[in-house]
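The values are calculated or read from the model by the stated rules, or taken from the named source; none is laboratory data. Quick caveat: nothing in here was measured; it's all calculated off a predicted structure. Cβ atoms come from the backbone with ideal geometry, glycine included; neighbour counts cover every protein chain shown. Each accessible area value is taken on the protein alone, full model and side chains, heavy atoms only, with ligands, DNA and RNA left out. Shrake-Rupley method; radii C 1.70, N 1.55, O 1.52, S 1.80 Å.
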Amino acid sequence: MSTSMIRRMLWLALLVTLPVPYWVFEGGRVPTLWLGELTAFVLAMLLSEGGMVAGFVAVLFVGQTSLFVGVTWLVARYATRGRARLRSASARSAAALGAIAALLGMAFLPVYRTPLVAGGDAVNVLRLFQ
Amino acid sequence: MLHTGTAARARAPALALTARALGMALALAMAPAATRAIAITTVPDPAAAVPPLVRTEKRAPCDHFDPLRRPYFGDLHVHTAFSLDASTQGTRNRPSDAYRFARGEAVGLQPFDGNGKPRRTLRLSRPLDFAAVTDRAEFFGEFDVCATPGLPGHDSPTCMIYRRWPRLAFYRINGITSGAPKKIRRFDFCGEDGKRCLEAARTPWGEIQDAAEGAYDRTAACTFTTFVGYEWTGGPNTDNLPRNAIFRNDAVPPLPAGLCGDPDLVAQGYRLGVPMGGDLRAPTAGTATAPSFVVRAERDGGTPERPGTALQRIQIVKGWIENGAARERVFDVAGDARSGAGVDPTTCATSGPGAEALCAVWQDPDFDPAQRAFYYARVLENPTCRWSTWICNAAGVRCEDPATVADGFEGCCDASYPKTVPERAWTSPIWYAPVGTKAGP
């Protein structure tokens, strides 16, 4: 696999699984993809209904989603660069796939928490998106 | 599901009278707000006869009536799934469940498992004697639309957020109620003038009434009493606390929208209130609460050729004498002065939003029961061309081209004459006078 392909796969895995902190009146730890989903709904609400509160909420969601999209991209980029220090191609592939598998495995653990889902209980990523 | 109990508070209805001026219909009225309090006397006075009980409903007299009175315990501030606060935090109990709970039955509480079974239950150790469900009335219709598949608006983004992330909807909707400057803004999915949601509000409001009637013991045993009620939460710029309206019997308005939503507003005004031009006396019971004013205005329909202009706002003007000098203060009580409505003076074409009707219930924040004062209402339309602008335009005057300014039309280009004007209507004042003083001007 090419380096760019590995980087994109790792970035996607980070977007879907890496818990990042956020705050919209209340705080939590959620994947960036989940923040993106709420951002889309809030923007739709803002466009259809308007209002100062909706605008404020939208700004919070857009800002934090954008921030973590960038942060996860940088993490994926530096991780793939670090992977290049490994000498053999098989070791590089194994390291990349191992990292992605670890992230995907974490998705099944109750490490995500937001007051907006399950009353704030820790849940896995599937429950988060239900 | 339950809030803390509060003492009952009743208010004399505020009233209205209509008049027409400048094509706009106005209603303005006021009435002293009276409060009831619980009093404890130390020495019964046989001469102080208990006022005769006036029953306002059909029911059997209680078989344990005690002329010396008995204490009863109840809760007049109860929320169910119809309230924003409760439903967005997972409450599924409805008004009938609340009354079951008040009567001593167990009810299930959130969180619920995958089969909808509550993980907690709660029961009162001592059942109550009376209760009133007082759900937040502002958004009855919105919640019914959001919760009922198939209704127009059910698939709006706001409703999707309400169903999937209700806690997020809590912030969104609370922001509207606590920040509303004059009037609760209806969501766009409610359609024109919010009609869709106002119609949908009849469903939960009806269920609240049915639940109250179902739990009310009208037999001579008198084991449990219910009241139909609602909470009004909207507070201009968070200035107000929520208030509960408790009805004394089952004769309630078709919608819990306050006096402005009462179809009998005008009739109530004539029957019970002080109309425009009338004198208002201070309450005699020592209550210093400011009187309530109701003012309502409707847009002039105009003619097919020249339709009337939409309304911009209602103001109440207060006047009084202070240190021998006349003072005046103007309050915006409905509508929005910064709505963005405007007019192009070159064509007299109007633009921007405006209201077909405006209504408000208002209390003077600076009311002094010892101070004589007068109050009148003023209704402003959106800006339109001044009469002189119409004439100038009809004469083809263009100030940038002096050749178009004919003799006698020089004033068209005089900047001291306004090009536009907000047309207005106003009422006769209501005169307030403290007890022992002369009312009127």
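Some notes on this structure:
- Cα centroid separation - segment A:5-79 against segment B:96-158, whole Å: 33 Å
- For the chain pair B and A, buried accessible area totals roughly 1700 Å², probe 1.4 Å, rounded to the nearest 100.
- Carbon and sulfur %, accessible surface of segment B:378-441 computed with the full protein complex present, 1.4 Å: 60 percent
- Only aspartates and glutamates eight or more places from B:Lys195 in sequence, or on another chain, were considered; those with a Cα closer than 18 Å are A:Glu49, B:Glu138, B:Glu142, B:Asp144, B:Asp155, B:Asp262, B:Glu298, B:Glu356.
- Sorting B:Lys318, B:Lys117, B:Lys419, B:Lys58 by accessible area puts them as B:Lys58, B:Lys117, B:Lys419, B:Lys318; the probe is 1.4 Å, largest comes first, and only protein heavy atoms count.
- Segment B:105-177 - accessible surface per residue (Å², probe 1.4 Å): 45 Å²
- Rounded accessible area per residue of segment B:322-441, 1.4 Å, Å²: 57 Å²
- Threshold 10 Å² - residues in segment B:121-166 whose accessible area is reduced by that much or more when the chain is no longer isolated, probe 1.4 Å: B:Pro157, B:Thr158, B:Met160, B:Ile161, B:Arg164, B:Trp165
- Rolling a 1.4 Å probe over the protein heavy atoms gives segment A:14-130 an accessible area of 50 Å² per residue.
- Note: relative contact order over chain A, using C-alpha pairs below 8 Å and six or more positions apart, is 30 percent.
- Angle between chain A longest axis and helix A:89-106 axis [Cα atoms, degrees, rounded to 10]: 30 degrees
- All aspartates and glutamates inside 20 Å of B:Lys419 as judged from Cα atoms, apart from same-chain residues fewer than 8 positions distant: B:Asp344, B:Glu381, B:Glu400, B:Asp401, B:Asp407, B:Glu410
- Pair B:Arg119, B:Ala370: separation of 7 Å Cα→Cβ label points (nm): 6.0 nm
- Per DSSP, loop chymotrypsin sites (Phe, Trp or Tyr not before Pro) in segment A:1-91 with at most 10 further Cβ within 10 Å: none
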